[in-house]
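Have a look at the structure below before the remarks.
The values are calculated or read from the model by the stated rules, or taken from the named source; none is laboratory data. Owing to the predicted nature of the structure, the values given are computational and were not obtained by experimental measurement. Don't worry about glycine lacking a Cβ; one is built from the backbone with ideal geometry, like all the others, and counts go over all protein chains shown.
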Amino acid sequence: MARAATVLILAGLLALPAVAGAQEVLRTERTDPRHLRPPFGAGEQPPLPSPRTLHTESRAVYRLPDGIKGLAVLDRTLSHLCNRGAFLQKIDGFYWAAAPDRRYGVAFSGGANLVDPQNKRQPGKVYFFRDQDSRCSVWVGDQAKLMPNYIGG
């Protein structure tokens, strides 16, 4: 009988914390009133998506072991247009020429990698760009004369 009483007392003690915990009520308030609010309201514009990055691989198209002299001539008119942003490469350095002293950006008269809104390009020409910014300079060479230096594309 004493054993049964001990078991009942232990059972009662074990049940006591469960009953006390059941009586506590947890509060369910939000931490911030805007917690479940949509990201933008009915009269607001949705946020703009992040710009997508265009990944391209540049290509060497000419190897000029003796440099650009003798193969192309500096064109001051096109250089001035390049300074103003009116005669440019679409992607600066997408096509390029390797010379001993520097690397030149390349665009072709057929329109490959060339932005020419004033239609200043001439057929059969290759355009070499140096510093495509306010210091831009453009050299023009004959495509046929440059063919021995062409390395691919």
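Things to note:
- Residue in the stretch 53-61 that is more than 22 Å from residue 131 (Cβ to Cβ), β-branched (Val, Ile, Thr), assigned to a helix (DSSP H, G or I) and at pLDDT below 95 present: no
- Search result, residues across the stretch 106-130 that are out of contact with any helix residue (DSSP H, G or I) (no Cβ under 8 Å at 6 or more places or on another chain), within 17 Å of residue 80 (Cβ to Cβ) and exposed (fewer than 14 other Cβ atoms within 10 Å of the Cβ): 117, 119, 122
- Residues (more than 15 Å from residue 74 (Cα to Cα) and either surrounded by 19 or more Cβ atoms within 10 Å (Cβ to Cβ) or within 23 Å of the chain's Cα centre (by Cα) (or both)) located in the stretch 135-149: 146
- Odd one out for residue 111, checked against (1) touching a residue at least 24 places away in the same chain (Cβ under 8 Å); (2) touching a Lys or Arg at 6+ places or on another chain (Cβ under 8 Å): (1)
- Residue list for the stretch 81-98, filter: surrounded by fewer than 20 Cβ atoms within 10 Å (Cβ to Cβ) and either within 21 Å of residue 142 (Cβ to Cβ) or among the charged types (D, E, K, R) (or both): 81, 84, 90, 92, 98
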